[in-house]
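Q: First the structure, then my questions, so here it is.
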Amino acid sequence: MKKHFPFWVFCLALSATAFQPCRLTAQDTTITYLRDPEGRIREHNFDFLKMDLDVRFNTTEGKVIGDVKYELRPIQYVIDTLFLDAPGIDIKKVLLDEQEVKFTTDSAGLTIRFLQPMDWNKKYHLEISYEAKPRKGLYFIGWNVKATNPDNDHYFTRKQIWTQGQGVDNRFWIPCYDDVDDKLITSTNITFDKDYTVVSNGVLKKKKKNQDGTVTWHYAMDKPMSPYLVMIGIDKYNFKDYKSKSGVVSREYYYADRPETVEPTYKHAGEMMDFLSTETGFHFPWPTYANVPVQDFMYGAMENTTATVYGDFYMTDARGAIERSYEGVDAHELTHQWFGDCITEYSGQHHWLHESFATYYSKQFMHSMYGEAAYQWAKRGEANQAINAEKNDRFPIAHTHGGTARVYPKGSFVIDMLRYVVGDSVYKRSITHYLTKHAYTNVSNNDFMMAFMETAGVNLDWFFDEWIFRAGLPDYSVKYQRLKDNVVFYVAQTQKTDALTGIFKMPVVFEVHYKDGSSSSKKVWLSHANDTVYLSAPRGVEVDYTLFDPGSNILKNVDFKKSFDELGSQLVKAKNMIDKYDALVGLRDFGIGQKRDLLIAVYNEGNFSAIQNEIIKQLAKDKDPSTLGLFARALRDKEFSVRRAALENLDSVPEVLQRDVESMLTDSSYVNIEMALKKLVKHFPAKASDYFEQTKDIKGINDNVRLAWLDLHAKDTVAEAKDGHKYAKQMVPYTSNLYEFRTRGRAMELLEKLGYCDKDLILNLFNAALYTNSRLSNPAMKSLKALLKKPGQLQLAKEVFAANKWTDWEKRALEGYFK
């Protein structure tokens, strides 16, 4: 899923009192690690074996009425109390083996006091009756919205209930031991309106019709999972089943009123299942699987066991899928059914064992679908994120504060490097062993490292030391020269070395390509601050270009200066797309006149879109007719990202390109339509009314075209003054709870820039600022602060605040804006 982190026990020598060194022998050095007290495994005194959950809801009050039963056994020797996480839950009754027991509650949860110590060798049954009005963990969407959907807008609010347990949010609606280091077998009974579909973990055992017009849905698991993976999803869903070759059925839910979204969203469901089973050597670990779209989801998706919940902004028709495809996210969350759900971290220090693997196998699936160039480009994106993270702080991957960029993209790239180091056979055999040995249990970083020792006798402590347990990455400075019958490379590692970052040991390939078409290659283990590498070269043959780490298998920064001719040869002749791209980036330092013909020739070969986009960027300021001809072709390119790159890089629209840009008002990409409309209205205002007429009925993805259309009209001060801010007023409803959060956030941003304010907008911003999804509340708070800087608008906000009813916590939160 989303954004959490990992690791071991680390210490950094920043001060003698705060940090202590840990003696290890990897690479014959003394190393120290950054401490991570938040990464400790949480202690608990009971092992929870089974959970039977029974819930129903009051949707208008946002209330959960529940009864949860546990089978549990003591795991500490002497126990007379039990604490369960249950913040804000109203506990009605607690039974132990059907006898009432005393309990107390506080802001953190429930403490149960036993009349006598528990028997270490005995199982017990605990039952808790409760009610909750959660602000986290379980979400009620749209139940108090009275308005009907205008014009069947896909982004209008729905009526839903859904849950999001990770990291530790299921505790807000279920009294439970809410942490990753315990696993239990679950059964869920959810009672709800008969017109709705209810989804939960495991197999649907039965549906019971009740006399009050509700249905009780009974789901059950047969293998244990961690409590944060318990889920519920409720809406008026339909579904389509996709069956893999291995026989696993993926049940893909969709909104009953949007059947056109099914194929674009789920088209590769069967292939993903087969791919991951083959790649891991471990059959899908559960009896069933589902994808469940929900509105206002705060992340991309969440890998609840057997049932992934994802943001419905990914559930699109074929046109919307151009802009926002669920494919990669779908593969990521499906991978979690192995890495995260079947095997689960002990604590946040080991979180990369979930997210890095899900990112890695998603990337590998996309590789299988879209080829090597797309795979290399995905890796480059991961590398860029990892490099940028190192500029901000110096946490290892295996640290609870490692951050998203390390736990997802950097970790994924590190797994690529691990496979590169040990080879495909050893890697795949070790992964299969790791999953098989630890299935349905908790795992640590050491468990994964030991899988390679147990399977292939390979000790990878050095690799884990430099890439997982330490921070940073290598900075290589590379030079070469021709000496008689050799090409000699001089490689220096120039990164700052200290207790947290050392000299990296990695196998690196060197290639020399000669002007007669021949080449030489050598793989060398670099492990020193300075290394010299010799490659035999045929006498009398000139070097055409050289490559350090062809294909970019190593995560690194590289300083390797090359001449224009070398870069040109590499761009034209290199086998790997990413080596061509790197040559192209090197050409940024050269003038347009020197490189124009080369870039146009390469563009015309129809290379991968990233190369075409970089060429467009480098030629953006050039007014030569041949370059304008390239832009004309780019604006008509079959690839939407190339068309976009051409549009983005046009500071102005020359008349010779006007028709090409106008053609993009009917582009397959809604974002391209929005961009073209803005460019055309700005540069050809005399034709603005024609452009507006052509796009007046296009809504777009999250209503992006419609909002841009209104914004452009609202910026016409004469028209707005004449019509009394007609167009700005039309944007205000898009900020309300009538719409999902992405549409609302965009409308808020546009209205803030316009400086428009009225009572409806302020009320919408108040409600949004109180919303549980921070991706809505944060922009709402920003807009509120900007608006309330003006005295007249501040007074208006006070009037709106006084005229409406607020709960105590809402009142306290909103009063802060008036101070």
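Throughout, read-outs are computed from the coordinates displayed, never taken from laboratory work. Here the structure is a predicted model, which means the values were calculated and not measured. A quick note on method: Cβ atoms are made from the backbone with ideal geometry, for glycine too, and the neighbour counts reach across all protein chains shown.
Q: Once you have the Cα-Cα distance between D80 and D760, take 0.36 nm times their residue separation minus that, and quote the gain in nm to one decimal.
A: Between D80 and D760, full extension yields an extra 239.3 nm.
Q: When only Cα pairs under 8 Å and 6 or more residues apart are kept, what is the percent relative contact order across region 708-819?
A: On the way: 106 pairs, mean separation 22.2, N = 112.
Averaging sequence separation for qualifying contacts and normalising by length gives 20 percent for region 708-819.
Q: Taking the Cα centre of region 682-733 as origin and charging only Cβ (+1 Lys, Arg; -1 Asp, Glu), how large is the dipole, in debye to the nearest 20? Write down the numbers at each step before the final one.
A: Details: 9 positive and 8 negative charges, 12 e Å.
Roughly 60 debye, rounded to the nearest 20.
Q: In region 194-243, how does Rg compare with the Kirkwood Rh, expressed as the Rg/Rh ratio over alpha carbon atoms?
A: Value, to two decimals: 1.00.
Q: Per Stokes-Einstein, at 10 °C and 1.306 mPa s, what whole-number D in µm² s⁻¹ belongs to region 734-819, with the Kirkwood radius over Cα pairs as the hydrodynamic radius? All intermediate terms of the calculation are to be shown ahead of the outcome.
A: Values: Rh = 12.7 Å.
D = 125 µm²/s.
Q: Using helices alone, I'd like the mean residue ellipticity at 222 nm for the chain: each DSSP H run of four-plus residues gives -39500 (n - 2.57), total over residue count, nearest 500.
A: Values: 27 runs with 292 residues, N = 819.
Only helices count here, giving -10500 deg cm²/dmol.
Q: Same structure, new question: Just for the chain, what percent of DSSP beta bridges are antiparallel, to the closest 5?
A: About 85 percent, rounded to the nearest 5.
Q: Could you tell me which residue out of H401, L677, Y155 lies farthest along the dipole of the chain toward its positive end? Charges go on the beta carbon: Lys and Arg +1, Asp and Glu -1, centred on the Cα centre.
A: L677
Q: What length, rounded to one decimal in nm, is gained on full extension from N238 through to D424, with 0.36 nm per residue of separation minus their alpha-carbon distance?
A: Taking N238 through D424 to full extension adds about 62.9 nm, to one decimal.
Q: In a solvent-free Debye calculation with one equal scatterer on each Cα, what is log10 I(q)/I(0) for region 216-344 at q = 0.17 Å⁻¹, listed in the order of the q values?
A: The calculated log intensity ratios at q = 0.17 Å⁻¹ are -0.88.
Q: So for the chain, taking the charge dipole from beta-carbon charges (+1 Lys/Arg, -1 Asp/Glu), which of S519, S107, T497 sits furthest toward the positive end?
A: Farthest towards the positive pole: S107.
Q: What percent do you get for the relative contact order of region 188-316 when only Cα pairs under 8 Å and 6+ apart count?
A: The normalised contact order for region 188-316 reaches 23 percent.
Q: How long, wide and thick is region 183-280, going by the Cα atoms along their three principal axes, in whole angstroms, largest first?
A: So the three principal-axis extents are 47, 38, 22 Å.
Q: Using the Cα centre as the reference, give the magnitude of the dipole from point charges on the C-beta atoms of region 184-296 (Lys, Arg: +1; Asp, Glu: -1; all else neutral), rounded to the nearest 20 debye.
A: Rounded to the nearest 20 debye, it is 500 debye.
Q: Label region 54-123 by shape, choosing from rounded, prolate and oblate, from the square roots a ≥ b ≥ c of the eigenvalues of the Cα gyration tensor; if a/c is under 1.5 it is rounded, and otherwise prolate applies when a/b is larger than b/c, oblate when it is not.
A: Taking the square roots of the gyration eigenvalues as a ≥ b ≥ c, region 54-123 is prolate.
Q: Continuing with this model, one more query. Report relative contact order for the chain in percent, whole number only (criteria: Cα-Cα under 8 Å, sequence separation at least 6). Numbers along the way, then the final one.
A: Numbers: 1604 pairs, mean separation 73.1, N = 819.
It comes to 9 percent, rounded to a whole number.
Q: Need the C-alpha centroid separation for region 773-811 versus region 283-350, integer Å.
A: So the two Cα centres are separated by 35 Å.
Q: Residue-wise, which Karplus ³J(HN,Hα) couplings in Hz belong to region 396-403, taking 6.51 cos²θ - 1.76 cosθ + 1.60, θ = phi - 60°, and x for glycine or proline?
A: Residue by residue, region 396-403 yields x, 4, 8, 8, 4, 9, x, x Hz.
Q: Excluding residues fewer than 8 places away in the same chain, name every one of the lysines whose C-alpha is closer than 18 Å to that of K678.
A: By straight Cα distance, K678 reaches K687, K696, K699, K715, K753.
Q: Could I have the simple spin-label model distance between K790 and H683, label points 7 Å from Cα toward Cβ, reported in nm to one decimal?
A: Distance between label points: 3.2 nm.
Q: Still on this model: Name the residue from Y375, Y346, A307 whose Cα lies farthest towards the positive end of the charge dipole of region 278-398, charges +1 on Cβ of Lys and Arg and -1 on Cβ of Asp and Glu.
A: Highest projection toward the positive end goes to Y375.
Q: Right, something else. Hey, what D do you get for region 493-547 in µm²/s if you plug the Kirkwood alpha-carbon radius into Stokes-Einstein at 20 °C and 1.002 mPa s?
A: 163
Q: So, one more: Exactly which GluC sites (Glu not before Pro) in region 52-158 are in a DSSP loop and have at most 10 other Cβ atoms within 10 Å?
A: Qualifying residues, ordered by number: E98.
Q: Pull out a ≥ b ≥ c, the square roots of the eigenvalues of the alpha-carbon gyration tensor of region 441-531, then state rounded if a/c is under 1.5, prolate if not and a/b is larger than b/c, and oblate in the remaining case.
A: It comes out oblate by the Cα gyration axes.
Q: Sticking with this structure for a sec: Assigning unit charges at the beta carbon (Lys, Arg +1; Asp, Glu -1) and nothing else, what dipole magnitude in debye, to the nearest 20, does the chain show about its Cα centre?
A: Working: 106 positive and 108 negative charges, 213 e Å.
In total the dipole reaches around 1020 debye.
Q: Which three semi-axes in whole Å describe the equivalent ellipsoid of region 355-450, each the square root of 5 times a Cα gyration tensor eigenvalue, listed largest first?
A: Result for region 355-450: semi-axes of 22, 20, 11 Å.
Q: I've got another one for you. Looking at the square roots a ≥ b ≥ c of the eigenvalues of the Cα gyration tensor of region 348-409, which shape do they give, rounded for a/c under 1.5, prolate if a/b is larger than b/c, or oblate? Intermediate results must be reported in sequence, preceding the final value.
A: Values: a/c = 4.77, a/b = 1.61, b/c = 2.96.
The shape class here is oblate.
Q: Round to a whole angstrom and tell me the spacing of the C-alpha centers of region 519-554 and region 696-734.
A: The two parts, judged by their Cα centres, are 59 Å apart.
Q: Right, next: Scaled to the compact-protein estimate 2.2 N^0.38 Å, what is the alpha-carbon radius of gyration of region 680-781, rounded to two decimal places?
A: 1.11
Q: With the Cα gyration tensor of region 521-578 in hand, give its eigenvalues times 5 under a square root as the equivalent ellipsoid semi-axes, listed largest first in whole angstrom.
A: 20, 17, 11
Q: Here is a further query. Return the FRET efficiency for the residue pair E98, K194: r is the Cβ-Cβ distance, R0 is 25 Å, and the value is rounded to the nearest 0.05.
A: Efficiency computed from Cβ-Cβ geometry: 0.15.
Q: Give the dimensionless ratio obtained when the Cα radius of gyration of region 616-768 is divided by 2.2 N^0.38 Å.
A: 1.15
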